[in-house]
1. Residue under question is VAL229, and the condition is that it be part of a helix (DSSP H, G or I), within 18 Å of the chain's Cα centre (by Cα) and closer than 29 Å to LEU126 by Cβ; does it hold?
2. Could you please give the count of residues in region 47-75 that are crowded, with 19+ Cβ neighbours inside 10 Å and without any contact (Cβ under 8 Å) to a residue 24 or more places away in the chain?
3. Search region 184-210 for residues being of a type in the set (Lys, Arg) and more than 19 Å from THR238 (Cα to Cα), and hand back the single one that is least open to solvent (accessible area, probe 1.4 Å).
4. Any chance you could count how many residues in region 129-146 are among the β-branched types (Val, Ile, Thr) and buried (at least 20 other Cβ atoms within 10 Å of the Cβ)?
5. Quick check on this structure: which one of GLY92, GLY105 is part of a loop (DSSP other than H, G, I, E, B) and either at pLDDT 85 or above or of a type in the set (S, T, N, Q) (or both)?
6. I'm told LEU149 meets every condition in (1) open to solvent by 50 Å² or more (accessible area, probe 1.4 Å); (2) at pLDDT 90 or above; (3) closer than 20 Å to SER63 by Cα except one. Can you identify the failing condition by its number?
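The values are calculated or read from the model by the stated rules, or taken from the named source; none is laboratory data. All of these numbers come straight from a predicted model, not from anything done at the bench. All Cβ positions, even for glycine, are placed from backbone atoms using ideal geometry, and neighbour counts span all protein chains on display. Accessible surface is based on the protein model in full, side chains and every heavy atom, while ligands, DNA and RNA are left aside. Shrake-Rupley method; radii C 1.70, N 1.55, O 1.52, S 1.80 Å.
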Amino acid sequence: MTTEAVLEPDVALLDRAMTGIAPPTARRTARLLLVDSEAIVRFGLRQLVAPDPELAVVGEAASPRDALVVADRCPPDLVILDVDLGRGDSAGVDLARMLLERHRGARILVLTGNRDREVMMRTVRLGVHGYLRKGAETADILRAIHALLRGESVFDSRPRGAEASVDVVRDDDRPAVRQLGGAMLTDRENQVLRLLAVGMSNREIGARLLISEATVKFHVRNLRDKLEVRRRTEIVYTATRQGIV
């Protein structure tokens, strides 16, 4: 009985060696930095992630200066950042830029109540990895955190609500999209891309363009192929990063 108990771990290790399977290793806890001018928001985010053993808040900040000090002292894996830091959106956007420059390994999730589409575009073009509104469900925020830590992107493309789509197809001030991922877009794909960018569903796009939902799905699939992405949300994210929507 005693001999078997002693030999059992050695047999397990031998099996792993023969099969090439490495012994399990503990997953490292991801370090989070919370940047928001409102203490109640930071408290809520801390409470949200507290039960998750894979996440740990290592610092909080209410201003760009404090955020940089904390990030330099304890480099984060993920920064949750509101671009509105009490000094207009420019302070938050500039902070996102500096964090991206100084901490290239960090992922940045913008979580904001700002509904200005131009602010969203500016931050995404800087290179932030996610953008959500503060009205998002807590479960969606948690999913976004884990998605970003896996190397994915999360992009809420509806900062101003459905009303933003009223004239999007007929926006003559917006430069025409000629090329996406090295491939030419058709006029219809261009229109579908713009409506995707304001958060419309396939059904809503079909109704707006007077085409069937199946036809919309066809165009969305073509956009995915041309941009070489797998998910619908990545179409908008990547196109925004390239400055073409």
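1. No.
2. 0
3. So the residue we want is ARG208.
4. Going through region 129-146 one residue at a time, the tally reaches 2.
5. Being part of a loop (DSSP other than H, G, I, E, B) and either at pLDDT 85 or above or of a type in the set (S, T, N, Q) (or both) holds for just one of GLY92, GLY105, which is GLY105.
6. LEU149 satisfies every listed condition except (3).
Residues are listed down the side, and each one gets a yes or a no for (1) surrounded by 15 or more Cβ atoms within 10 Å (Cβ to Cβ); (2) within 24 Å of THR138 (Cβ to Cβ):
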position	(1), (2)
ASP77	yes, yes
VAL83	yes, yes
ALA106	yes, yes
LEU109	yes, yes
ARG117	yes, no
THR123	yes, yes
GLY127	no, no
